[in-house]
Structures are given as C-alpha cells and as structure tokens.
Amino acid sequence: MKDIRDKSIIRHEDVIALNFIRDTGDYVFRRHHLNGLRSHIMEVLYSRDVEIENKGVYVDGIQRFPKANPLKMLRIFRKRFSGFEEILEEIRRFQIVGRYLTSTHVAMSQEFIVDYRFGGNQDILLCGLQEYVEGECLDPWTVQKKNCLENLAERLAERPGQGEFYSKSKLINRIEKSVESFVIQVKKMIRKACCLPDLAGNRNILVTHEGHVKLVDINNISYISDGGCVLMDDFNYPVCDKSIEALSLIEQNLLGRKIEKNDPVYTTFLKPERLQKVDRLADQFHQAMQKTTPSGD
C-alpha cells in the first residue's frame, strides 16, 4: 500500500480506504482541480447530489444536470512532520491568519491530527476541513488599472446562480471596499505578527458572488525576516517576497494607490535590485517544477 502523501493524484477510493475515514456511503470525495504542491485537495459532496449531477433531474419537463456543490474541502498534507511540535507550529500559522483575516477574508479551516496507518507503517498526518468558496479569481499579476473592478463585477454577474443580488455599480462598490479591508488586514498581520500567507499563487484569492475578497489557499504561510535576506520556502520559491509584491499590485491596481517609499511593509521588498533578484529565483523555481515528473499513483 503506497503512502497517500506520495501519490500525485488521489481519488474517492483512496480517501475512503484511509484508516481514519469511516465510509457511510453518504459522501463522495472528488479531486479538486487545483491540487496543491503541499496537500491533496478533495471536494466533500453529498453522494445524492453527485448522483443527480450525473443522472439529471426533470424540472418542468426538462432534464437538468445541476452541479453538486461541495460541503467542505478536505486537505491532506503531503508533508512529513518530525513530531507534534512541528505540526502544532503549522497549525499556529493557520490560527494567526484566521485571527487577522477572520471569516470575512479567509476560507476558515479546522485542522486535525490523525494516526495514519499504511502498509504496516504508522505516522502522524495533518488534515484540514476547509470552507468551500465559490467565486472569481483575483489574480494580482493580471489585474489592470483600467476597468478591473468593473470586469470582476461583470464576470461575477455572469456566473450561474448569481441571480439579481446586486446591481453592477453596487457590486463594484462592495468589491472595492472588500479589497481595501483585505489589504488593511494583511498589512496589519505583517506589521504585528510578521506573518504572511501566499498571495502570489494561482487562484489563491477569490471574489465571491457577494463581492467579498477571500483567501482560499492557506498551505504556505511564512514568517517575515528582519534581516533583509530573501527567504525561500521548502520548494525554493521566494513566497514571502512574491506575496508582498502581489499585495502591492492589488493596492496599486485595484485601489489606485501610489505605493509610498516609506511604507514599512514595502520598503525592503520593493527595491528594484531586490525585485530583479526575486524574479530570477522565481524563474528558477518554475524551471525546476517543469522538469519534475509526477511520481504516479
């Protein structure tokens, strides 16, 4: 039996085979399209909803196939921890992010530690049950100064199930206020806790139907060093620097603000020579990832 942490992809059958999962037949575990480097991400759905999604249901004489919406997201961490203290430190980081961003700006998660048994072996494993968030991607690297809030509002309005919640102008206003609140809280977390989640990754930040900005990826939280060195994560990616750069782009392009040179959050990180160095390190990371071949199931 292969360690689930070593599998490139897992399926429903892999999850229900875990010794700490009780299969009642009520739930289906479906691989989320954004499977992470640091964890397997599985949608948790009602089995009856998946059956309706697959077989369809007749409404007013028309057969429809309504999408099954996840109840939660199950995260199974790939990392092997040396002991409980290392796991607890990981959980403390989640708690810091939750404390500063609150349920307003982060998909809240409940972490749990399990006794994992596989193929005659035994280890401790960290998992999490996280709130499922539906929304449009807020990508710091592609937002443009012109009409970016308007474009976000239009994409949200076109999504199935959006309905007539808000007028376009009201939705734009709600998004802008939420972006401002998000930036304020992240900067507060940086100043007071020297802690920063990954804001740079693909689809790490979403905007919900109601115009709320939410961080959904909390798998790579770093502490900020005062020493001025470029910190690398366990995959040799300069996540801290890139996240601060992403935050500055959100502030500039979505809120239309000029970044002040004396802003203590940005002073060290946005110097031209440092940005160039970080870009080179990020390129090296992406090149290394391209060369990495999946280990298989």
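The values are calculated or read from the model by the stated rules, or taken from the named source; none is laboratory data. Predicted model only: the values in this text are computed from it and were never measured. Glycine also receives a Cβ, built like all others from the backbone with ideal geometry; neighbour counts cover every protein chain displayed. Each accessible area value is taken on the protein alone, full model and side chains, heavy atoms only, with ligands, DNA and RNA left out. Shrake-Rupley method; radii C 1.70, N 1.55, O 1.52, S 1.80 Å.
For the reader, a short list of remarks on this structure follows.
- In region 135-154, residue nearest to Glu90 (Cα to Cα) [restricted to those that are surrounded by fewer than 16 Cβ atoms within 10 Å (Cβ to Cβ) and under 18 Å from the mean Cα position of the chain (by Cα)]: Cys137
- Residue, nearest to the chain's Cα centre (by Cα), within region 269-288, restricted to residues that are touching a residue at least 40 places away in the same chain (Cβ under 8 Å) and over 17 Å from Leu249 (Cβ atoms): Phe285
- Candidates in region 250-268 are the residues that are in a loop (DSSP other than H, G, I, E, B) and touching a residue at least 24 places away in the same chain (Cβ under 8 Å); of these, the one that is surrounded by the most Cβ atoms within 10 Å (Cβ to Cβ) is Val265.
- For region 123-132, a residue qualifies if it is of a type outside the set (Asp, Glu) and surrounded by fewer than 17 Cβ atoms within 10 Å (Cβ to Cβ), and the qualifying residues are Ile124, Leu129, Tyr132.
- Residue tally, condition under 20 Å from Glu134 (Cα atoms) and open to solvent by 20 Å² or more (accessible area, probe 1.4 Å), over region 65-85: 6
- Selection of first residues in region 106-122 that are in contact (Cβ under 8 Å) with a residue 60 or more places away in the chain and open to solvent by less than 80 Å² (accessible area, probe 1.4 Å) and of second residues that are β-branched (Val, Ile, Thr) and assigned to a loop (DSSP other than H, G, I, E, B), restricted to Cβ pairs under 7 Å at least 6 apart or on distinct chains, gives the following pairs, ordered by first then second residue: Val106/Ile218; Ala107/Val133; Ala107/Val216; Ser109/Ile218.
- Taken over region 107-124, residues that are more than 11 Å from Asn19 (Cβ to Cβ) and of a type in the set (Ser, Thr, Tyr) amount to 1.
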